[in-house]
Structure formats: C-alpha cells, structure tokens
1. Restricting attention to strands (runs of 3 or more DSSP E) lying wholly within segment 18-135, give those where 1 or more residues are of a type outside the set (Phe, Trp, Tyr) and over 20 Å from TYR186 (Cβ atoms).
2. Looking at (1) surrounded by 15 or more Cβ atoms within 10 Å (Cβ to Cβ); (2) without any contact (Cβ under 8 Å) to a residue 60 or more places away in the chain, which is the only condition VAL188 fails?
3. Starting from segment 64-80, take each residue that is surrounded by 21 or more Cβ atoms within 10 Å (Cβ to Cβ) and list its partners that are modelled with pLDDT of 95 or more and of a type in the set (S, T, N, Q), counting only C-beta distances under 7 angstrom and pairs at least six apart or across chains.
4. Kindly indicate which of VAL102, VAL85, VAL43 is touching a residue at least 40 places away in the same chain (Cβ under 8 Å), buried (at least 18 other Cβ atoms within 10 Å of the Cβ), closer than 17 Å to PHE215 by Cβ and touching a Phe, Trp or Tyr at 6+ places or on another chain (Cβ under 9 Å).
5. Checking GLU124 against (1) of a type in the set (D, E, K, R); (2) modelled with pLDDT of 95 or more; (3) out of contact with any Ser or Thr (no Cβ under 6 Å at 6 or more places or on another chain); (4) surrounded by fewer than 22 Cβ atoms within 10 Å (Cβ to Cβ), only one condition comes out false. Which one?
6. Which residue out of GLY142, GLY229, GLY221, GLY183 is small (Gly, Ala, Ser) and more than 15 Å from the chain's Cα centre (by Cα)?
7. Condition (residue is surrounded by 21 or more Cβ atoms within 10 Å (Cβ to Cβ), without any contact (Cβ under 8 Å) to a residue 60 or more places away in the chain and not in a loop (DSSP other than H, G, I, E, B)) applied to segment 138-158: is it met by at least one residue?
8. Please find, among GLU253, GLU193, the residue that is modelled with pLDDT of 95 or more, part of a loop (DSSP other than H, G, I, E, B) and over 15 Å from the mean Cα position of the chain (by Cα).
Amino acid sequence: MLYCRMIAASFIFCFIQTQQVDAEQPHLVFLIAEKEYQTEDTVPAFCKQYLQKCRVDFVKALPDDPNTFADIESVDSADLLFVSVRRRTLPPQQLNHIRRHVQAGKPVIGIRTASHAFCLRNEEPPKGLDAWPEFDKVVFGGNYTNHYKNQFVATIQSGQPDSLVGKNLLSGIKKDLPFESGGSLYRVSPLQEKTEIILHGVVEGYAPEPVAWTFLRADGGKSFYTSLGHVDDFHGPVLPRLLANAIEWCLHE
C-alpha cells in the first residue's frame, strides 16, 4: 500500500543499532489499558530496547476514567497501532479513531488481552459508551472464547509456518523454542481464513492452540496477534524478538 512504500525506507532507522535518525520515521502508537499483565511497564521497556529511534507515542486510559484515553487523537497519524487493552468500552468518538485506522488498511499488532479489548463479558456497554465485540475476529482473525486454568503450564512451540513471512517472524528465536509461557493458554481455535500460525501452545491432555499468527484483513491491512504478554514472557528471549520482527513485517510490503 502507498503509505507502506513511503515508510519502508525509513523503517530501517527504527532499531537501536542504527546511528542515524531519519526525518520521516514511522509513527507507532501503543494503546495500553489493562491491569492484569503490567504492560504499562513492560511495553515501554520493550520500546526502549528495540525502538529507541522510532517515533513512539503511548496512549493510556485516564487514571480516574478507565474507559477514556488521553491523546487518542494520535492514532490518526499512526503508521502502526499496537493494542494492549482489556475489556474497555469507549466513547464512540474515541473508538472511531481506532475504527478509522483499521478501515484505512493500516497495520495492527495485538498482544494478550487485545483479543477482548473493546467488549465486556456478557454485558452491554454502559450508556454513552460503545463496544466492538467483533474486533478480535475482524482485526486479528481470532476467536477468543476463554483460557485454560492458570495451573496448566503452556509449552510454546513453533507453528512451522510455510511462508517466508512466517519464517522471518521466527528469526532469532527458533533456538529458544520450545519454552514455557508465564501466562495461561488462550482458547482461540478455529482461526479465520488468511491467518498463518507462527507459534502454538500446548497444555497436557488438550489439543494445541494458536499462540501467534499473522492475518491479512478484508480491508487489505496486515495484523499480527499473540496471546503471549505475561510479564515473564517479556523478560524471556522470545516475545520481545517476536514483536520486533512483527513490527518490521507490518511496516514493509
């Protein structure tokens, strides 16, 4: 897409090893609103290590109003939207910033609770707020229904992707597979068409579940989702490198 071609040349300047700062850096917006996995701390730490020279904005829920985001207008200029949100319903005008980003065919990355970011569990949104229960299906090609009990240890393995994209997403982390995730395994099967599984997870006695995948959306945009995102996952070698690879893929054709 046109905007991808415009930023492709500048993306190489994002990573920490680069010495030069390009004037037209890709703009990454990180939408953070969840209290389960400390991503308010782990995601900025990831950005500091891997994206020092990108233009990065963090958009967070207001401390006294968990369903309203400060400075959400920055989503309008984002080249990539990264979502770590859990069960928030927003004022319609705020949710529309996210809808427009998706409808424009711009890339989206989601971790962990992003699969149920903008809906409540078996409840309607409060008056004046809006939900987007189809977000998981439409944006990530997912099918989150619940998760296995926390006492089940999830072993994360390669999904053996066939495409060059899938193999590139595993670059630098194959040596660290399999590993045990810090969080419970999400139930997400079956995925939508046009997904490619990069990682899957197994708990003893049950069928494997997809843990990370790409999705080519109906609007033409790219999405990447992983149910990893526990604080222990961020402290391990796999998730940070996987996210860095996914960001590079999202910002290139």
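1. On the way: elements: 27-33, 55-62, 65-69, 80-85, 108-111.
The qualifying strands (runs of 3 or more DSSP E) are 27-33, 55-62, 65-69, 80-85.
2. Result: VAL188 passes all but (2).
3. Within 7 Å, the pairs are PHE69/GLN94; ILE72/GLN94.
4. Values: VAL85 fails: closer than 17 Å to PHE215 by Cβ; VAL43 fails: closer than 17 Å to PHE215 by Cβ.
Only one candidate passes the filter, namely VAL102.
5. Condition (2) is where GLU124 drops out.
6. Values: GLY142 fails: more than 15 Å from the chain's Cα centre (by Cα); GLY229 fails: more than 15 Å from the chain's Cα centre (by Cα); GLY221 fails: more than 15 Å from the chain's Cα centre (by Cα).
GLY183 is the lone residue from the list that is small (Gly, Ala, Ser) and more than 15 Å from the chain's Cα centre (by Cα).
7. no
8. Details: GLU253 fails: modelled with pLDDT of 95 or more.
Going through GLU253, GLU193 in turn, the sole match is GLU193.
The values are calculated or read from the model by the stated rules, or taken from the named source; none is laboratory data. This one's a predicted model, so the numbers in the text were calculated from it and none came from an experiment. When we count neighbours, we look across all protein chains shown, and the Cβ atoms used for this are built from the backbone with ideal geometry, even at glycine.
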